[in-house]
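Data block below; observations after.
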Amino acid sequence: MGEFYGESYSDNTGMGQAGVSTGNGFQINNLNPALWVKNRFTTLDIGLIGQYKNIASGNRSQRNAGGNLAYLSLSFAVAPRWVIGFNLKPYSFVDYENTFYRPVSGSPAAPSGNPVVAEYITSGKGGINKASITNSVQIGRYLSLGLESSYFFGNVRRSSEVSLPVSGSATDYLVSLHDRNTYSDIAFRAGAAVRIPIKKDNKLNLNLGGAYSFSTSLNATKTTSFELTQGSYPVIAPDTLENNLTGSMKVPEQYQVGASLEWPFKMILSLDYSHQSWSQYKGFDNTNSNLNDVNRIHVGLEYLPRFTSLNYLDLVRYRVGFSYGKTPYTIDKVDINDTNVSLGFTFPMGRGYQNFLSVALVGGQRGSSGSGVVRERYGRVVLGITLLERWFQKQKID
C-alpha cells in the first residue's frame, strides 16, 4: 500500500500526532470522529504537505523531496448536538525508483574478459485515496460519539526493468514487467470522547477518547504485462500475463486511545497510544510479507498565552510534540523504529481573527545506518488553512 499520511491535520501534527481525546472547537480534529461535534461553526480545513528525505545505506546516500494535498474537509452543524463533515484526503502513497547493476549469471565473457553486466530498475507510483462522511453527535453534557464512513479508491503501478547490453549493437535489450493494482471499497471508523470536569467553572478538565478503524478487505484488480524491446522497437509482441485478475487486500484494524488535561483557552497536555495489527495484513496474493504490529506513543502540548489579549502574539497557539514507535518492518532480525519531534503554530487571521493559518514542522528518523539496512532522516511541513463561517442562521429584524 505504500507509506501512510496518517489521520492528523496540521494542528495535531504539531503535537506529535496526539490529541485523540480533545478538540479546541476552532479546527477540525480528524484523529477522532467524535470530536467533529466540537466545531459549532461551518469549518473549511485545507492542508498541504511537503517532505524532504535523506536516505543512507552504508557509504551511499540519496536525497529527495515532494509535496501533495494533505486534506480537504468541510463540517457544519445541522442541529445543536449534531455535526456532519465531508473529507477528501490521500491515504497512502507509493513513489520510488531504485537502480542497481549485477553481472548476468552464466553470460559469456565480453571482449574485456568480464561477464555481461545488466542494469536493473525497480519503480513504483500511485497510492490510495479516501473520501469520507463523518457524523458526530453530543450525548448529554460530556459524551460525544462519531462514525466515519469512507470510500477508498486508487491504484498502484510497479515496474521491474532489466537492460541487457547486446554485443555489437548500439542499443540494449529492455525486459519489462509491469503490475497495476486498482483498489476500491468501503470502510468505517468509530470514535468516542468524554470530558470530566476536575475543577469548577470549567477551569480544568480531564478528557478521555479513542478511535477505532475496523479491519476491511479492499476489492482489487490486477493487470500484469510483459514487454521485450530493443531501442524503441518491440522484439516480440507485448503480452498481458494477467488481465483484470480479481482479488482483495486486507487492511488491518487500527486504534488510538488517549487522555489529556485541558485548561480551557490556555493549555492542553495530551498523551496517546496507537496500535495497528499489521501482522493480520493480507496482500493481493494472500501473503503477509512478515509484517509486524505497530505500537506508538504520542505526546503533545498546546499553549495559548492569553485568549483575551489585544497583543497578537498572545493569540498565537504554540505546540510541541514527540512520537516514537515501531514500523511494520524487520530487516535481518532488526526492528525498524521511527522517532520524530514536532513544533506547531496557529496564527489567527482575517476579520475578527476568526480564521487560522497553521504550520507544523516535523523532523525524524527511521531505521539506522549500517550494512544491509537503511537510515532515513526526514523533515516534513504541514500547512493548514481554516476558514470559519455561520450557516443556517435565522436573520432577525430589529
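The values are calculated or read from the model by the stated rules, or taken from the named source; none is laboratory data. Computed from a predicted structure; not experimentally measured. When we count neighbours, we look across all protein chains shown, and the Cβ atoms used for this are built from the backbone with ideal geometry, even at glycine. Ligands, DNA and RNA are excluded from the accessible area calculation, which covers all protein heavy atoms including side chains. Shrake-Rupley method; radii C 1.70, N 1.55, O 1.52, S 1.80 Å.
State whether the residues of the range 51-60 include one that is open to solvent by 70 Å² or more (accessible area, probe 1.4 Å) and either in contact with a helix residue (DSSP H, G or I) (Cβ under 8 Å, 6 or more places away or on another chain) or at pLDDT below 90 (or both). Yes; the residues of the range 51-60 include at least one that is open to solvent by 70 Å² or more (accessible area, probe 1.4 Å) and either in contact with a helix residue (DSSP H, G or I) (Cβ under 8 Å, 6 or more places away or on another chain) or at pLDDT below 90 (or both). In the set (1) open to solvent by less than 50 Å² (accessible area, probe 1.4 Å); (2) under 20 Å from residue 293 (Cβ atoms); (3) at pLDDT below 95, the condition left unmet by residue 334 is number (1).
Taking strands (runs of 3 or more DSSP E) as the structural unit, those lying wholly within the range 290-378 and holding at least 3 residues that are aromatic (Phe, Trp, Tyr) correspond to 317-331. Taken together, the residues in the range 269-283 that are in a loop (DSSP other than H, G, I, E, B) and either open to solvent by 50 Å² or more (accessible area, probe 1.4 Å) or under 24 Å from residue 357 (Cβ atoms) (or both) amount to 0. Output yes when any residue across the range 374-389 is over 27 Å from residue 46 (Cα atoms) and at pLDDT 90 or above, and no when none is. Scanning the range 374-389 turns up at least one residue that is over 27 Å from residue 46 (Cα atoms) and at pLDDT 90 or above.
Of the numbered criteria (1) surrounded by 13 or more Cβ atoms within 10 Å (Cβ to Cβ); (2) farther than 19 Å from residue 15 by Cα, the one residue 289 fails is (1). Tallying residues that are open to solvent by 10 Å² or more (accessible area, probe 1.4 Å) and in a loop (DSSP other than H, G, I, E, B) within the range 1-14 yields 6. When the test is whether a residue is in contact with a strand residue (DSSP E or B) (Cβ under 6 Å, 6 or more places away or on another chain), within 24 Å of residue 35 (Cα to Cα) and either surrounded by 18 or more Cβ atoms within 10 Å (Cβ to Cβ) or at pLDDT below 95 (or both), residue 294 does not pass it. One residue alone among 146, 209, 154, 191 is on the phi > 0 side of the Ramachandran plot and either part of a strand (DSSP E or B) or open to solvent by less than 20 Å² (accessible area, probe 1.4 Å) (or both), and that residue is 154.
Would you say residue 48 is open to solvent by less than 60 Å² (accessible area, probe 1.4 Å) and either within 24 Å of residue 210 (Cα to Cα) or out of contact with any Asp or Glu (no Cβ under 6 Å at 6 or more places or on another chain) (or both)? Spelling it out, it is not the case that residue 48 is open to solvent by less than 60 Å² (accessible area, probe 1.4 Å) and either within 24 Å of residue 210 (Cα to Cα) or out of contact with any Asp or Glu (no Cβ under 6 Å at 6 or more places or on another chain) (or both). Scanning the range 1-45 for residues that are over 15 Å from the mean Cα position of the chain (by Cα), under 20 Å from residue 317 (Cα atoms) and β-branched (Val, Ile, Thr) yields 20, 22, 28, 43.
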